[in-house]
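Quick notes on the structure that follows.
Please treat every number below as a calculation from the coordinates, not as lab data. Quick caveat: nothing in here was measured; it's all calculated off a predicted structure. A quick note on method: Cβ atoms are made from the backbone with ideal geometry, for glycine too, and the neighbour counts reach across all protein chains shown.
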Amino acid sequence: MLPTALTTLLVYLLSLLTDSHDHDTASPPPSPPLSFELRHLHAVSPSAHVVFSDVPQRAEILSDNPHLLHTRRIRSFKPPSFVLHARARAQSMRFGQSLLQDFPWEEEEVPAPDIEDRATLLELAKMSNNAYVEPDDVAWYGLGSDWNVSYPFGWEPDADGFRGHVFATPDNKTVVLALKGTSSGFLGGGGPTVKKDKLNDNLLFSCCCARVDWTWTTVCGCYRSGWKCNADCLEDSLVDDSLFYPIGTNLYNNLTYMYPESTIWVIGHSLGGALASLLGATFGSPVVAFEAPGEKMAAGRLHLPSPPSTLHITHVYHTADPIAMGTCNGVLSSCALGGYAMETRCHLGKSIVYDTVSSLGWSVDVRTHGIVNVIEKILNTTWPPAVEVGREVPLAQEEADCVECYSWEFGDF
């Protein structure tokens with residue numbers, strides 16, 4: 001078989017000759033593919049500081065299996081400064097969401113992943129998988145077995161926080177931040193981050209502090225009685241400095257300091273994908289999230305200023321995944337039995353949804369949630385329903401009329 005990089009390049013060149021992409025005629029043409037290298041590991045120390053570990057740049061290794069991604073130009077909206085963004089959020093939390101309507105967004109055109117290209121989504125999915133492991137792990141995709149990490153700060157067995165990898169093009173013009181999702185025993189993983197991953201899941205994706213029924217211990221003190229939940233309390237619970245969203249904004253700011261002239265993309269799987277979307281909504285960066293739970297409610301509770309468009313955020317998931325579909329809830333659900341209150345279903349931006357239930361006959365099962373299923377069983381081959389209409393992947397669409405947590409009443413209780 002041909003090496004991944006050579007295969008991807010041949011597919012791209014062939015597409016130029018046959019015009020196989022079914023792009024909208026009003027859309028700008030794809031840019032040449034980008035080649036990415038692993039530059040940094042990142043993690044959070046017990047003191048909640050972001051720690052980077054540089055990866056030695058060995059040309060003979062990087063040239064074997066670089067990540068080749070196809071790009072296209074998109075319009076995005078970013079805040080004039082993060083300080084102004086944080087100030088607007090603080091004022092909105094204090095005085096009301098209406099203060100965010102006149103936020104002075106800056107519009108710009110940036111290179112983004114070509115989400116209509118299957119090979120590009122496949123490579124991003126592999127990067128998202130690699131956020132869970134170190135380069136010498138057998139689960140690492142695509143970069144070869146000779147990668148070496150000299151200073152893996154933050155990846156020691158007792159490190160229990162935010163993790164991932166940073167990839168960059170050789171010219172540093174484009175940087176990809178890949179965020180690790182939930183490590184959980186019942187999802188087939190584990191490790192030192194399980195406890196904090198679970199806390200963030202239950203805060204971000206439950207209706208009210210993971211209050212499922214009277215047998216559950218809630219993760220914050222906002223539940224009142226019946227189906228009532230204190231909204232101000234919920235918002236305060238999500239801004240604690242030890243939680244992942246504030247740590248993610250700190251990490252992103254560190255990257256912009258290290259790469260001031262670069263375009264930054266944010267990707268991730270599951271919890272990592274939801275956090276990538278929240279960071280993309282904050283900074284205007286292109287985002288691709290795989291199998292992420294609905295994060296739209298969390299964006300509102302965090303009082304994120306809503307940009308004129310969130311179409312720079314793309315979700316990729318399939319219909320057999322109850323977590324991404326928002327159906328892994330209820331006392332007897334697999335998520336609840338594992339101690340996870342995954343009750344949200346609405347996503348920001350656009351969603352590319354693979355109907356694996358109808359097309360492949362998959363059963364709805366939490367075990368299909370893993371990123372390896374997406375890589376090996378969905379993105380690794382052509383998708384016949386998309387090919388039938390002249391596409392490589394299903395059409396990305398906004399989620400219309402999405403409702404969640406409709407049984408709850410949120411207010412000042």
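With a cut-off of 14 Å between beta carbons, the residues surrounding His85 carry a summed charge of +1, where Lys and Arg count +1 and Asp and Glu -1. A simple charge model with +1 on the Cβ of Lys and Arg, -1 on the Cβ of Asp and Glu and nothing else charged puts the dipole of the range 229-324 at about 240 debye relative to its Cα centre. Quick one: if the Förster radius is 22 Å, what FRET efficiency do Leu84 and Ala231 give, using the C-beta to C-beta distance and rounding to 0.05? Efficiency computed from Cβ-Cβ geometry: 0.35.
Each Lys or Arg adds one and each Asp or Glu takes one away; over the other residues whose Cβ falls under 14 Å from the Cβ of Cys405, this sums to +1. Over the range 357-413, the pair-distance histogram of Cα-Cα distances with 5 Å bins from zero comes to 4, 13, 14, 18, 19, 12, 7, 6, 5, 3, 1 percent, rounded to whole numbers. Pair-distance distribution of the range 266-413: all C-alpha pairs, bin width 10 Å, starting at 0; shares per bin in whole percent are 11, 40, 35, 12, 1, 0. Other residues whose C-beta falls under 9 angstrom from the C-beta of Ser184 contribute a net charge of -1, scoring Lys and Arg +1 and Asp and Glu -1.
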